[in-house]
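The values are calculated or read from the model by the stated rules, or taken from the named source; none is laboratory data. This one's a predicted model, so the numbers in the text were calculated from it and none came from an experiment. We place every Cβ from the backbone using ideal geometry, glycine too, and count neighbours over all the protein chains shown.
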Amino acid sequence: MKGIRITLLLLIGGFAIACTDTPIPKPYGYFRIDFPEKDYRLLESDDLPYQFEYPVYSLLTPYPNQEKGKYWYNLNFPLQKAQLHLSYHPIQGNLRFLLDESHQLAFKHQIISDAIQDEVIMKPDESKFGLIYHIRGNAASPIQFFLTDSTHHFLRGSLYFLHAPNADSIAPVLQFIESDIDYLINSLVWKDAHD
């Protein structure tokens, strides 16, 4: 009888221990992000040395300091809290400087980035040459690029998010905006040379 009691007590104790709620930490989650439908409009201005198509859900505004850059613009993505800075420079014997500066500005993020991958843009029939820098990790600017016709025009772009960078949480937004940047690059057309 004593053996049955001990067995019974062990079984009841085992069930009591097995039925307790052990706290399990929940994994981090992020909010679901709804993206607008892709649609583009043409930037048309007789004053600009270039034109391109940009998303209808973005706002194109002149750079605040027009003395610094006459043809500079910011392409704002208010819903995604991001901004693409576009700076234009006429080529006047300064192509090597502009190329070096673009490379240095992209590689300033090397300290915090996981990797920097570059993608060559080579479209001689459209007079478009350049590089896209994909800066991986928690860098402040995950995408930078430049385009040039190598004789008259040089356009540089850099994307910034308006909050602390977190590569995991911005990944879907970055992918969404990256396709818009690709569209802008592919639709870019140079106009006659300006001063």
Checklist line | Residue list for the stretch 103-127, restricted to those being surrounded by 15 or more Cβ atoms within 10 Å (Cβ to Cβ) and farther than 18 Å from LEU159 by Cβ | finding: SER127
Check: Of everything in the stretch 11-27 that's in a loop (DSSP other than H, G, I, E, B) and at pLDDT 70 or above, which residue is farthest from LYS191 (Cα to Cα)?
Finding: PRO23
Item checked: the stretch 96-148, subset more than 14 Å from the chain's Cα centre (by Cα) and among the hydroxyl-bearing types (Ser, Thr, Tyr), residue modelled with the highest pLDDT -> THR148
Next item on the list: Could you please let me know if ASP100 is of a type outside the set (Lys, Arg), farther than 30 Å from ILE33 by Cα and surrounded by fewer than 18 Cβ atoms within 10 Å (Cβ to Cβ)?
Entry: yes
Checklist line | Close pairs from the stretch 112-125: first touching a residue at least 24 places away in the same chain (Cβ under 8 Å), partner of a type in the set (A, V, I, L, M), Cβ under 7 Å, at least 6 apart | finding: ILE112/ALA139; SER113/ILE135; SER113/ALA139; ILE121/LEU131; ILE121/ILE132; ILE121/LEU147; ILE121/ILE185
Check: Which residue pairs have Cβ atoms under 6 Å apart, sit 6 or more places apart or on different chains, and have a first residue in the stretch 81-105 that is part of a strand (DSSP E or B) and among the aromatic types (Phe, Trp, Tyr) and a second that is surrounded by 17 or more Cβ atoms within 10 Å (Cβ to Cβ) and at pLDDT 95 or above?
Finding: TYR88/LEU155
Notebook entry, point to check: Are any residues in the stretch 30-68 part of a loop (DSSP other than H, G, I, E, B), over 17 Å from TRP190 (Cβ atoms) and not charged (D, E, K, R), and if so, which ones?
Noted result: TYR30, PHE31, ILE33, PHE35, PRO36, VAL56, TYR57, SER58, TYR63, PRO64, ASN65, GLN66
Next item on the list: Can you confirm whether the stretch 62-71 contains a residue that is modelled with pLDDT under 95 and closer than 21 Å to ASP182 by Cβ?
Entry: no
Checklist line | Pairs where the first residue, in the stretch 147-170, is crowded, with 22+ Cβ neighbours inside 10 Å and the second is of a type in the set (Gly, Ala, Ser) and in a loop (DSSP other than H, G, I, E, B), C-beta under 9 Å, 6+ apart | finding: THR148/SER127; HIS153/SER127; HIS153/ALA193; SER158/SER141; LEU159/SER141
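Being in contact (Cβ under 8 Å) with a residue 60 or more places away in the chain, out of contact with any Lys or Arg (no Cβ under 9 Å at 6 or more places or on another chain) and either surrounded by 13 or more Cβ atoms within 10 Å (Cβ to Cβ) or not in a strand (DSSP E or B) (or both): is that true of ILE135 here? Spell out how you get there, then give the answer.
Numbers: in contact (Cβ under 8 Å) with a residue 60 or more places away in the chain: no; out of contact with any Lys or Arg (no Cβ under 9 Å at 6 or more places or on another chain): yes; either surrounded by 13 or more Cβ atoms within 10 Å (Cβ to Cβ) or not in a strand (DSSP E or B) (or both): yes.
For ILE135, the condition - in contact (Cβ under 8 Å) with a residue 60 or more places away in the chain, out of contact with any Lys or Arg (no Cβ under 9 Å at 6 or more places or on another chain) and either surrounded by 13 or more Cβ atoms within 10 Å (Cβ to Cβ) or not in a strand (DSSP E or B) (or both) - is not met.
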Check: Pairs under 9 Å by beta carbon, first residue in contact (Cβ under 8 Å) with a residue 12 or more places away in the chain in the stretch 174-186, partner of a type in the set (Gly, Ala, Ser) and surrounded by fewer than 19 Cβ atoms within 10 Å (Cβ to Cβ), six or more apart or different chains?
Finding: LEU174/ALA167
Next item on the list: Looking only at the stretch 104-113, decide whether some residue is among the basic types (Lys, Arg) and more than 21 Å from HIS163 (Cα to Cα).
Entry: no
Checklist line | All positions within the stretch 152-195 that are small (Gly, Ala, Ser) and in a loop (DSSP other than H, G, I, E, B) | finding: ALA164, ALA193
Next item on the list: Considering each of LEU84, LEU8, LEU43, LEU79 in turn, give the residue that is over 21 Å from ILE143 (Cα atoms), surrounded by 10 or more Cβ atoms within 10 Å (Cβ to Cβ) and modelled with pLDDT of 90 or more.
Entry: LEU43
